[in-house]
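Asks: Sharing a structure below in structure tokens format, with a few things to ask.
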Amino acid sequence: MKPALQFRLHQQLTLTPQLQLAIRLLQLSQLELEAELRQLAESNPLLEFADESEDEAASDEATPEADYVQAPGPAEAAADRDVDGGDVADWADDGGGSVETPIDFSNGSGGSGATRGDEDFEPQNVTPESLQQHLLWQLNLAGFNPRQTAIATVLIDALNADGYLADSIEAVRAALPANLAADLDEIEAVRRRLQGFDPLGVASLDLRDCLRSQLEQFDAATPHRELALAIVDGELELLARNDIGKLARKLRAGEDEVAAAAALIRSLDPRPGAALDTTPVEYVAPDVYAVKEGGRWQVRLNPDAQPRLGLNQHYCNLIARARGDDASWMKGQLQEARWLLKSLESRAETLLKVAGAIVRRQSAFLDYGPEAMHPLVLREVAEEVGMHESTISRVTTRKYLHTPRGTFELKYFFSSGVSTEDGGSASATAIQAMLRKLIEAEDPRKPLSDQALAEELKGKGIQVARRTVAKYREGLRIPSSSERQRIV
């Protein structure tokens, strides 16, 4: 048996249920944690969320309400608790009969969450208009006859999120009502009229068709329109490579004219339907904040990202009066609830400790930017906080740190190092930042090749091979020098 597999099997067999729960909670992102806790609270009457207790108090004043206390802040989170490999402190019940005060993770310092008053307002969001709705509205005003309207409706229904026709013309004809025997030419004529709807270029078959339909809407006297049409019709590959010289020779035009026609094409929208995409945007909320106080960087939990979960005091009080099987069952539920709350507390403390170690190691990044990022690996943080590397990996996955320079996943701060001439090392992130800066400052008529970029880095004391530069450039999604060339 392989050592790694043997270790995982041993770990699964030796970890207590409490530790397994704590490890699982560490792996979860904010949204996943919220969903998991909601499920656990539904199955355990001893658990409740603060919003639930407030709703119950508003509807029935006789129902006891759970009390919530402040979560552990940076000063209180000093205890070393590693939930990987059995390094956690005592997770067993203290043996006492008293009911623990529930933990509220929402009142920690740091962050600027919404006040309770904000929740009094009804949401005013209006459902955005979809691409299909936008086109159907125009269809009603376009003066189509009933036959054309039926064809156009099927075409509109077949559009994808980018506004392109997802099906072939033959598939559209097959989707038409049986009593509407339309030929391909008739369907094509309706499709061409739809391309003139807003946004221009919808119902196109491919990129070439989309760009051409938009260019055709320009006035015939528009400078470089005809040359742009010629490029779209037959030379899109050369345009993608930005080979202006070869384009000029093939089209027998001046390079300045070709560059102007290329600029006209780039002003078009290759995804006309995307502007009306109604897919909801997912926003990332930071788990931890990095703030500078007294000249030193400090980390704080985001109170709005922590679950407000506690023990339901009403059910806790019933335990003392319960008898027989009911008493045993409720005590078991109470024990599980305590384990969960301790796991949440450990999760918050572990996240705070790991984020603090990362911020201490990467304070230069916070002060000066990506070019000052230091090489950092999981093992270094694990050694500093006294945890296992796998714990660090769990904590830094899908957990986010808010800084004055933006919000980053904690994994962003880890990167391998490249040796420098003075015997030090530079992180891959710092090298990528330098490459981006060099490329942004280059002459667009004579962009720097990968070899030239390697030489520039060597001048800064960083020894990087050309192929490494190419790998970093591609990772930044920056095209090659030939594709970056511009005629100014």
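Every number here is computed from the coordinates shown, using simple stated rules; none is lab data. Note that the coordinates shown come from a computational prediction; the quantities given were computed from them, not determined experimentally. All Cβ positions, glycine included, derive from the backbone under ideal geometry; neighbour counts span all protein chains shown.
Asks: Which FRET efficiency value, to the nearest 0.05, do you get for Arg445 and Arg405 by plugging their Cβ-Cβ distance into 1/(1 + (r/R0)^6) with R0 = 51 Å?
Replies: That gives a FRET efficiency of 0.95.
Asks: Roughly how far apart, in whole Å, are the Cα centres of region 239-269 and region 335-402?
Replies: Each part reduced to its Cα centre gives a spacing of 50 Å.
Asks: While we're on this one: With the convex hull built on the Cα atoms of region 332-382, state its orientation-averaged projected area in nm².
Replies: Reported value for the Cα convex hull: 4.4 nm².
Asks: Here is a further query. Please express the shape of region 426-485 as an equivalent ellipsoid: the semi-axes are the square roots of 5 times the eigenvalues of the C-alpha gyration tensor, given largest first in whole angstrom.
Replies: Details: eigenvalues 58, 29, 21 Å².
Equivalent-ellipsoid dimensions as semi-axes: 17, 12, 10 Å.
Asks: Between Asn317 and Glu389, what is the label-to-label distance in nm when each label sits 7 Å out along the Cα-to-Cβ direction?
Replies: My value for the distance between the label points is 5.3 nm.
Asks: Can you give the convex hull volume per residue for the Cα atoms of region 309-460, as a whole number of Å³?
Replies: Once divided by residue count, the hull of region 309-460 is 162 Å³.
Asks: A follow-up question, please. Please compute the modelled spin-label separation between Leu438 and Val281, points set 7 Å along Cα→Cβ, answer in nm with one decimal.
Replies: With each label placed 7 Å out from Cα toward Cβ, I get 3.5 nm.
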